[in-house]
Amino acid sequence: MTVLIVFMLLMAVVMFALGCVDQRKLYWKADAWQYRNPGANEPSDAALGVRRASFFIGAVVLLVGAGILKAADNSTVYSTSQVRSVAQAAASKLDEDSTSGIGSSFSATSDVYEAVNEEGGGNVKIRSAGDDEYELTNRKGENPVCLTVSVENDLNLGGDEPWSHSITTSVDDGPC
């Protein structure tokens, strides 16, 4: 998004500069080559004035568009409470996941990343901060929240459910 905003700002500067240039000279440098008799096709003063106004209007439209995109980009940057709510929703989803049976060994890492990405809609970054800890931040790497996921795999060969696991989660503000 930042690249698009910078591009729009650069285009606004170019359009403003083109609006400041003498439009008759601009015609002779940029457009006259297209005609067999460029002098006969030279635009009137009114047409050159409209062209100049179009450049200025285009520059203003690009500036306004860049401002709107910047505001939209800032509105999707999550606060600490929003990052915490994503972590809590992911923790709830993980707490619900309890399976048993043959081959139900559970690896938390991929499920944690999947749950956070699903709940955060791409607005939350996640990184492993240790064995059972995951640090969640907003897209800009700010407002950290620590999600702790403990998995206990149980092997019970004599029972109906030979393999099961239990998941315990906790969410704390601040970095892990």
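Read the figures in this text as sums done on the coordinates, not as results from a lab. Everything numeric here is computed off the predicted structure, so don't read it as measured data. Because the Cβ atoms are built from the backbone with ideal geometry, glycine has one as well, and the counts that use them run over all protein chains shown.
Which of ARG52, ARG24, ARG127 moves most in a GNM of the chain, Cα contacts under 10 Å?
Maximum among the listed residues: ARG24.
Under unit Cβ charges (Lys, Arg +1; Asp, Glu -1), what dipole magnitude, rounded to 20 debye, does the chain have relative to its Cα centre?
Numbers: 13 positive and 23 negative charges, 459 e Å.
So the dipole magnitude of the chain works out to roughly 2200 debye.
Using +1 at the C-beta of Lys and Arg and -1 at the C-beta of Asp and Glu, which of ILE167, SER150, ALA129 has the Cα lying farthest in the positive direction of the dipole of the chain?
ALA129
For the chain, return all DSSP H helices satisfying: extent of Cα atoms along own axis at least 18 Å; mean Kyte-Doolittle hydropathy at least 0.5.
Values: long enough: 2-20 (27 Å, 2.78); 45-75 (45 Å, 1.05); 80-96 (24 Å, -0.36).
Once both thresholds are applied, what remains is 2-20, 45-75.
Which distance in nm do the two modelled labels at GLN34 and ASP173 give, with both placed 7 Å along the Cα-to-Cβ direction?
6.1
Read phi for every residue in the range 142-149 and hand back ³J(HN,Hα) as whole Hz from Karplus 6.51 cos²θ - 1.76 cosθ + 1.60, θ = phi - 60°, with x for Gly and Pro.
Result, rounded to whole Hz: 10, 6, x, 9, 9, 10, 9, 10.
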